[in-house]
Amino acid sequence: MPLSSLSSVSVFVITLLLMQRVSESATCNDCFTRSRAAHYPNSEEQGTDHGACGYGTFGATINGGDVATASELYRDGLGCGACYQIRCVDSELCSEEGAMVVITDQGSGPGDFIMTRRAYARLAQTADAAASLLALGVIDIEYKRVACSYPYKNITIKIDEASDAPHYLAFVIRFQQGKNDITAVQLCETKNFVCKLLDRSYGTVWTTASPPRGPLSLRMLLTNEDGDEQWIVPINDIPRDWKAGDIYDTGVQVN
């Protein structure tokens, strides 16, 4: 039928439908994805203090211990520190809000997530329902990525114990906020601004041999789900006399 023969009401309805489809497509990043989740043993209150993200003991306590390992969502370490809202789908046992977890390790299971027992139990409506979910071991879920939020916390870096000043520098980025991935990291000399691109050793561990000298300015490339990129330059520098095991506050938060 030619468009000229349609009534103004029909055209209006078609326009609304097209706008709805565009809107749905634009917000697909906010949609839930169906999958399965399990829980791992010996994790009543905390996560593991080792793993493929390189967080160490920090990975066991972040987000109150509500953490999880990921399989495909690990993304060769790019997924470390990402936050996900998880809901189970059993209407009799599961709560509507579910639980928010942080990815701190890589692990393969029957689905996308292996959660701590603490986080897994939070999917339930009641303590009795939590016991029933734990007894099942593996459950159907739906999940979506959400912004990480750490009130009163700036992004920090911890110098890895394997670092050896001034020959080798490795560090882990902590308290990664928002929904962005950290896809590149540079270190720059503060005097002449000569920069060096770091290597992602594994997880969220960034390394370089022969690091720049003097106080160092950190630059992080943030990439969102649409592929948009933005370089962030923290307020605080890494001091000239950095040492293995030290923790430095970057002075920035990223929402």
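Read-outs throughout are calculated quantities, based only on the coordinates presented, and are distinct from any laboratory measurement. As the structure is a computational prediction, the values presented were derived from the model and not from experiment. Cβ atoms come from the backbone with ideal geometry, glycine included; neighbour counts cover every protein chain shown.
For residue 193, project a label point 7 Å along Cα to C-beta. Then give me every residue of the range 230-255 with its amide nitrogen under 15 Å of that point.
231-234
So what's the angle, to the nearest 10 degrees on a 0 to 90 scale, between helix 127-136 and the longest Cα principal axis of the chain?
With rounding to tens, the tilt is 80 degrees.
Can you tell me the orientation of helix 8-26 relative to the chain, as the angle in degrees between its alpha-carbon axis and the longest Cα principal axis, to the nearest 10?
Taking the Cα atoms of the chain, the angle to 8-26 is about 30 degrees.
For the chain, what does the helix formula give at 222 nm: sum of -39500 (n - 2.57) over DSSP H segments with n ≥ 4, over the residue count, nearest 500 deg cm²/dmol?
Result for the chain: -4500 deg cm²/dmol, rounded to the nearest 500.
Considering the values (1) 30, 20, 17; (2) 25, 24, 20; (3) 38, 29, 13, which represents semi-axes √(5λ) of the Cα gyration tensor in Å as calculated for the structure under consideration?
From the options (1) 30, 20, 17; (2) 25, 24, 20; (3) 38, 29, 13, the structure gives (3).
Please give every one of the lysines within straight-line cross-link reach of residue 158, meaning a C-alpha to C-alpha distance under 24 Å, and leave out same-chain neighbours fewer than 8 residues apart.
Within reach: 179, 191, 196, 243.
Pop a pseudo-label 7 angstrom from the Cα along the beta-carbon direction at both residue 202 and residue 146 and give the gap in nm to one decimal.
3.1
List the residues, sorted by chain then number, that are 5 or more residues from residue 36 or on another chain and whose placed amide H is less than 5 Å from its amide H.
It is 112, 113, 141, by chain and number.
Given labels modelled 7 Å from the Cα in the Cβ direction, how far is it in nm from residue 161 to residue 136?
For residue 161 paired with residue 136, the spin-label model returns 4.0 nm.
Of all DSSP beta bridges located in the chain, what percent are antiparallel, nearest 5?
Working: 53 of 60 bridges.
Around 90 percent of the beta bridges assigned by DSSP in the chain are antiparallel ones.
Could you list, by residue number, the cysteines of the chain that have no other cysteine's beta carbon within less than 4.7 Å of their beta carbon?
Flagged as lacking a Cys partner: 28, 31.
Using +1 on the beta carbon of Lys and Arg, -1 on that of Asp and Glu, and nothing else charged, what's the dipole of the chain about the Cα centre, debye to 20?
Values: 21 positive and 31 negative charges, 106 e Å.
That gives a dipole near 500 debye.
Specify the residue with the greatest mean-square fluctuation among 53, 31, 83, computed from a Gaussian network of the chain linking alpha-carbon atoms under 10 Å apart.
31
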